[in-house]
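Participant: Let me begin by handing over the structure; questions about it come next.
The values are calculated or read from the model by the stated rules, or taken from the named source; none is laboratory data. Keep in mind it's a predicted model, so treat the numbers as computed, not measured. With ideal geometry, Cβ positions are generated from the backbone for all residues, glycine too; neighbour counts draw on all protein chains shown.
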Amino acid sequence: MTGAPQEFSASGMAVRTAATLFVFVIVFTGLLSGAYLWTKPAIEASAAEEKMKLVDEVLPRGEYDNALLEDTLALPPTTELGLADPTTLYRARKDGKPAALIFETVAPDGYAGKVKLILAVRADGQVAGVRVTQHKETPGLGDYIEVKKDKNKARPWITQFAGMSLAQVADSEWKVKKDGGRIDYHAGATVTPRAVSKAVFKAVKWAEANRDQLFANAGGAK
């Protein structure tokens, strides 16, 4: 009997400790939820700004007047684009009419692996712009495919695709000059520009074949 008060005291302490921890968890969770809700608009605005910076590099804002980040389609994994995961396609419109499609594509066979790209293809089939978004090419050798790392600031390598279209450029010309095409390349670094050229060509063909359906399709992802 002499040990009962001690056991009761220990039990009561355990209950109080558990209750304190429970209250702490509830309060901490509430603070985290509040902080998330408070910062969510700023985070979303920052993400939208980053997306628009990338889009601006491939399509001038003067070419469309719709809310681009709201006029989207969720693309499933697409073999023609080298996409193994779902992505988002953006639809640019001018005065309510189709202006351009902005979407991602992947060159799977770069020298050091996959090269991820974003491009804009106008409604008439012409390439508005292409940019590399991710690659692992050898610094100083194959990384000239990226605008920021290309030493030719006046005419970066990747800008060669702007203005090209299937209607004006034969299929055989969507290759580097070494392979009989019209795309320049740097000596000693042919593999990656060859892969990028092929990926851009396939992406333009895909956009051309699916253009009407992509612009007409309702729904999408924001």
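Participant: For segment 165-213, name all the residues that are more than 25 Å from R155 (Cβ to Cβ) and in contact with a strand residue (DSSP E or B) (Cβ under 6 Å, 6 or more places away or on another chain).
Facilitator: none
Participant: Looking only at residues that are under 20 Å from the mean Cα position of the chain (by Cα) and among the charged types (D, E, K, R) in segment 34-62, which one is modelled with the lowest pLDDT?
Facilitator: Among those residues, the one meeting the criterion is E44.
Participant: If you don't mind, there's one more thing I want to ask. Please count how many residues of segment 121-148 are hydrophobic (A, V, I, L, M, F, W, C) and not in a strand (DSSP E or B).
Facilitator: Number satisfying all stated conditions: 4.
Participant: Quick one: which of A107, A92 is in the same structural domain as A123 (by TED's automatic domain parsing), among the small types (G, A, S) and under 20 Å from H135 (Cβ atoms)?
Facilitator: None of the others qualify; the one that does is A107.
Participant: If you don't mind, another one. Looking only at segment 130-144, filter to residues that are of a type outside the set (D, E, K, R) and surrounded by fewer than 20 Cβ atoms within 10 Å (Cβ to Cβ); which one of those is nearest to the chain's Cα centre (by Cα)?
Facilitator: T133
Participant: Output the number of the condition that P77 fails; it satisfies all remaining conditions of (1) modelled with pLDDT of 95 or more; (2) crowded, with 18+ Cβ neighbours inside 10 Å; (3) under 16 Å from the mean Cα position of the chain (by Cα).
Facilitator: All conditions pass for P77, except number (2).
Participant: If only one of A100, A112, A107 is within 18 Å of N217 (Cα to Cα) and among the hydrophobic types (A, V, I, L, M, F, W, C), which one is it?
Facilitator: On the way: A112 fails: within 18 Å of N217 (Cα to Cα); A107 fails: within 18 Å of N217 (Cα to Cα).
Just a single option satisfies the conditions, and that option is A100.
Participant: Another one. With respect to A19, determine if the residue is in contact with a helix residue (DSSP H, G or I) (Cβ under 7 Å, 6 or more places away or on another chain) and at pLDDT below 75.
Facilitator: It is false that A19 is in contact with a helix residue (DSSP H, G or I) (Cβ under 7 Å, 6 or more places away or on another chain) and at pLDDT below 75.
Participant: In addition: If I ask for residues that are outside any loop (DSSP other than H, G, I, E, B) and modelled with pLDDT of 90 or more, which ones from segment 149-165 would you list?
Facilitator: Scanning segment 149-165 gives W157, I158, T159, Q160, F161.
Participant: Still on this structure, please answer the following. Any idea which residue in segment 180-211 is nearest to T72 (Cα to Cα), counting only those that are at pLDDT 95 or above and charged (D, E, K, R)?
Facilitator: The selected residue is R211.
Participant: What's the number of the condition G140 fails, among (1) touching a residue at least 60 places away in the same chain (Cβ under 8 Å); (2) out of contact with any strand residue (DSSP E or B) (no Cβ under 6 Å at 6 or more places or on another chain)?
Facilitator: (1)
Participant: Shifting gears a bit: Right, I118: part of a helix (DSSP H, G or I), among the aliphatic types (A, V, I, L, M) and either in contact with a strand residue (DSSP E or B) (Cβ under 7 Å, 6 or more places away or on another chain) or surrounded by 22 or more Cβ atoms within 10 Å (Cβ to Cβ) (or both) or not?
Facilitator: So I118 fails the test.
To keep it simple, each residue is scored yes or no on (1) crowded, with 18+ Cβ neighbours inside 10 Å; (2) of a type in the set (D, E); (3) in the same structural domain as T87 (by TED's automatic domain parsing).
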residue	(1), (2), (3)
A128	yes, no, yes
E146	yes, yes, yes
T159	no, no, yes
K178	no, no, yes
G181	yes, no, yes
A189	yes, no, yes
S197	yes, no, yes
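Participant: Mind checking which residues of segment 63-92 are in a loop (DSSP other than H, G, I, E, B) and in contact (Cβ under 8 Å) with a residue 60 or more places away in the chain?
Facilitator: D71, G82
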